[in-house]
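The structure under discussion appears below in the form of structure tokens.
The values are calculated or read from the model by the stated rules, or taken from the named source; none is laboratory data. Quantities reported herein were computed from a predicted structural model and do not represent experimental measurements. Note that we place each Cβ from the backbone using ideal geometry, even for glycine, and neighbour counts take in every protein chain shown. Keep in mind that these areas ignore ligands, DNA and RNA; they rest on the heavy atoms of the full protein, side chains included. Shrake-Rupley method; radii C 1.70, N 1.55, O 1.52, S 1.80 Å.
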Amino acid sequence: MAVPSSNLAAEYQSLKPEIDEAIMRVLASGNYVLGEELEAFEEAFAEYQNARFAMGVGSGTASLHLALEAMDLQPGDEVITVPNTDNPTASVVTHAGAKVVLADTTPDTFNMDPEKLERYITPRTKVILPVHLFGHPADMDPIMEIADHHGITVIEDACLAIGAEYKGRRMGTYGPLGCFSVAPGKILGGYGDGGMIVSNDPDMAERIRVLRNYGHAPRVPRFPGDLTGGKWTVLEEGFNQRLDTIQAAILRAKLPTLDDRIAGRRRAAALYREIFEGTPVIAAHEEPWAKHVYFAYNAMVDNRDEAQDYLNSRGIPARLIYNPPLHLHPAYRWMGLGPGSLPTAEYTASRMLGLPCFPQITESQVEEVATTLVKFAEGG
């Protein structure tokens, strides 16, 4: 049985009338940048994430970049994040004018390890940037305790974690800004690049709106019924990082069914866990305090590279996701962190294997993937 890695076309077909109507509504309106459609989605997304404000931006990378720009970082400032993530998490730190510092991770959730975090903090640390990797929340209570003790700001990289929960609380609301991706393959995905930032701080929310739109202040009409766009004021040198209106309309159409699609991912994960129990394959971990949304399902197995080849040769798309860790890539050689520098992240990366896990995956497909991997792990 050939098993796909995802099925975005099937997702579209399941919502075709709603999505087509949203697209046609925007096209007919003649308003393709900012406007009421974006505002409506922002309000709906903020409500879903239990935040006061949400701001649509150009991508998940843009959400992180703009959040760090809003921190007014200076040369020499440091931002602590993790090595087992996509490189934009680190590169946005550089683009915001600061220095990235990589901290080691836990052996089970693969997230920032609070027990190791203190050793990376210096007087120059301004931001801690935990990543809710693959949709499993980082352990936020101790991270926030450490940050508060040192007077450090926490910005969450929740790009893979829309809908995830830590002790019943949605991710993205622990610090002043939380960052999300709504690119096509993400938990909630549009049909092009996109990102979201949430906040409970009205001043921070307004700053993001200014930064995403070239640094322009919101337009103020000169007189009742002013159709010229209003008074133009440039507050700072911002960026062109607005979420396209048509993407906002599509995402708004998809949002009401998001929890059903997350439930599909969780059902697949539960079946994987059941099949892997008592075998040499270590199932993806979920803490009792977490709601994991399984953007990706990463099991761990010995002889991982051979296991990947074994599955791929049988029509199963097993993937290495954010692997190897960032400090082992050419772009980060300047850190001087060779093999052994971040041992837990390196160890888990060497055994981690991403298996198909998407809302439309069937029980028989999960069983095919899982039993094939177990057969390999048991020497078959």
Exercise for the section: Please identify the longest segment of the chain free of exposed trypsin sites (Lys or Arg not before Pro), where exposed means a DSSP state other than H, G, I, E or B and no more than 15 other Cβ atoms within 10 Å. Expected result: 223-380
Completion exercise
Contour minus Cα-Cα span, residue 363 to residue 235, at 0.36 nm per residue, comes to 40.7 nm
Practice task
Summarise the accessible area of region 106-203 (1.4 Å probe, protein heavy atoms) by the percent that is carbon and sulfur.
Solution key: 46 percent
Problem - Dipole moment magnitude, nearest 20 debye, the chain about Cα centre, only Lys, Arg, Asp, Glu C-beta charged - result: 580 debye
Problem - Computed [θ] at 222 nm, deg cm²/dmol, the chain (DSSP H ≥ 4; -39,500 (n - 2.57); rounded to nearest 500) - result: -11000 deg cm²/dmol
Problem - Environment charge at residue 32 (Cβ cut-off 13 Å; Lys +1, Arg +1, Asp -1, Glu -1) - result: -1
Problem - Rounded tilt (10° steps) of 36-48 against the dominant C-alpha axis of the chain - result: 50 degrees
Fill in the blank from the handout: Of all stretches in the chain that avoid chymotrypsin sites (Phe, Trp or Tyr not before Pro) placed in a DSSP loop and having at most 15 other Cβ atoms within 10 Å, the longest is 33-213
Practice task
Estimate the FRET efficiency between residue 306 and residue 108 by the formula 1/(1 + (r/R0)^6), using the beta-carbon distance for r and 22 Å for R0, to the nearest 0.05.
Solution key: 0.40
Exercise for the section: Over the chain, average the accessible area per residue using a 1.4 Å probe and give it in Å², no decimals. Expected result: 43 Å²
Handout entry: Total formal charge among the other residues, if their Cβ is under 12 angstrom from that of residue 323, Lys/Arg +1 and Asp/Glu -1
Key = 0
Fill in the blank from the handout: Summed over the other residues with a beta carbon less than 10 angstrom from that of residue 283, with K and R at +1 and D and E at -1, the charge totals -2
